[in-house]
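The values are calculated or read from the model by the stated rules, or taken from the named source; none is laboratory data. Values in this document were obtained by computation on a predicted structure and should not be read as measured data. Using ideal geometry, Cβ is built from the backbone for each residue, glycine included, and neighbour counts are taken over all protein chains shown. Only protein heavy atoms, including side chains, enter the accessible area calculation; ligands, DNA and RNA are left aside. Shrake-Rupley method; radii C 1.70, N 1.55, O 1.52, S 1.80 Å.
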Amino acid sequence: MTLWLVRVAWATLPITAGPAAGDALADWSTPPRTLAEVLLWAAWVVSLVALLAPHPIGLTTVRVVGSTFPALALVVVVTATADGARAAVALVATLVAGLLAVAVPAVSYACANGIAYGDERRYPLRTPPVLWLGLLPVAPLLVAAGIATGPLLLADGRIVVGIAALVVGVLVAVLAARSLHSLSTRWAVLVPAGLVVVDAMTLADPVLFLRERIQSLRAMTRGAPRPTDAVDLRLGARSGSVAMTLDRPTELVRVRRGRDRAGVQHVPALCFATVYTSELLATAAARRIRVNV
């Protein structure tokens, strides 16, 4: 139901935000106005398709567009390039739709399981909170600006500046999109053999923890200490924390900063943070993984 709420909010944007966008573009010359309209419609359609047919690439797309549309609506309000009432409605509508698309766990959960194989169940890992202070607010805008700025300048007849903006913009957009997409492919995956942790931000390769080797899997209450000698993969996230204890140390390769890009460790326990933790534990118990309440 939550996912459908996001879809409905997004599907209504042409009605709630479209008039303000039309007002804002009314004074533009024909070529850039037409291109801007095409870009806005394309972004909306692609994002709606991504919500209706969930996929990790679609999640990255939704995060980019869902962050960009409210920013555009805010510009329209601040610059008074549209009717005041229409601009206010557009701002509220895009804020609600964008916030739902970016922040609701149901979206990332559906997109993660859009490519699940067979009996897999994928649970997205929580986004490191520190990224909200830098990458997450800025990267989507860099992607959108990198894609749109060059073509709009070219459409306006500014050839030299447009070509330069196009070359630089594509490079910036690709780098920012890659960084965002790395957040869309971080999962704890329940598979028939046990549990796999997939996280390129902390692990050089996905690691399978066999069901027979998992001594306990439990939710960590707020303030609860992590298991002794546990490796913490949460990157600062606390909500949805899970502690996993193994019957013997398991080898994994950690991603490190600095000269040594990776390091082999043998860990007896680890912590990670996911969405829908209670469902993960219930499903794990049904698959005969030892779960402690």
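Quick one: which of 268, 192, 249, 206 is open to solvent by 10 Å² or more (accessible area, probe 1.4 Å), within 29 Å of residue 106 (Cα to Cα) and over 25 Å from the mean Cα position of the chain (by Cα)? Talk me through it step by step, then tell me what you get.
Numbers: 268 fails: within 29 Å of residue 106 (Cα to Cα); 249 fails: within 29 Å of residue 106 (Cα to Cα); 206 fails: over 25 Å from the mean Cα position of the chain (by Cα).
The conditions single out 192.
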Residue tally, condition open to solvent by 60 Å² or more (accessible area, probe 1.4 Å) and aliphatic (A, V, I, L, M), over segment 133-165: 9
Residue count for segment 78-99, restricted to those that are touching a residue at least 60 places away in the same chain (Cβ under 8 Å), among the hydrophobic types (A, V, I, L, M, F, W, C) and part of a loop (DSSP other than H, G, I, E, B): 1
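Would segment 231-243 turn up any residue that is open to solvent by less than 10 Å² (accessible area, probe 1.4 Å) and closer than 30 Å to residue 25 by Cα? Write out each step before concluding.
Taking segment 231-243 and keeping what is open to solvent by less than 10 Å² (accessible area, probe 1.4 Å), we get 233, 237, 241-243.
Now restrict to residues that are closer than 30 Å to residue 25 by Cα: none.
Checked against the condition, which is being open to solvent by less than 10 Å² (accessible area, probe 1.4 Å) and closer than 30 Å to residue 25 by Cα, segment 231-243 yields no hits at all.
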Failed criterion for residue 116 (all others in (1) outside any helix (DSSP H, G or I); (2) open to solvent by 40 Å² or more (accessible area, probe 1.4 Å) hold): (2)
Options 270, 210; residue that is under 18 Å from residue 292 (Cα atoms) and free of Cβ contacts under 8 Å to residues at least 40 places away in the same chain: 210
Residues (within 26 Å of residue 132 (Cα to Cα) and open to solvent by 20 Å² or more (accessible area, probe 1.4 Å)) located in segment 21-48: 40, 43, 44, 46, 48
Breaking point among (1) under 20 Å from the mean Cα position of the chain (by Cα); (2) not in a helix (DSSP H, G or I), for residue 182: (2)
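Could we say that residue 106 is in a helix (DSSP H, G or I), surrounded by fewer than 20 Cβ atoms within 10 Å (Cβ to Cβ) and modelled with pLDDT under 90 here? Before you say what the answer is, go through the steps one by one.
On the way: in a helix (DSSP H, G or I): yes; surrounded by fewer than 20 Cβ atoms within 10 Å (Cβ to Cβ): yes; modelled with pLDDT under 90: no.
Considered against the rule, which asks whether it is in a helix (DSSP H, G or I), surrounded by fewer than 20 Cβ atoms within 10 Å (Cβ to Cβ) and modelled with pLDDT under 90, residue 106 comes out as no.
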Residue match in segment 145-152 (condition: within 21 Å of the chain's Cα centre (by Cα) and either over 29 Å from residue 32 (Cα atoms) or among the aromatic types (Phe, Trp, Tyr) (or both)): no
All positions within segment 1-50 that are more than 21 Å from residue 105 (Cα to Cα), assigned to a helix (DSSP H, G or I) and of a type in the set (Ser, Thr, Tyr): 16, 30, 34
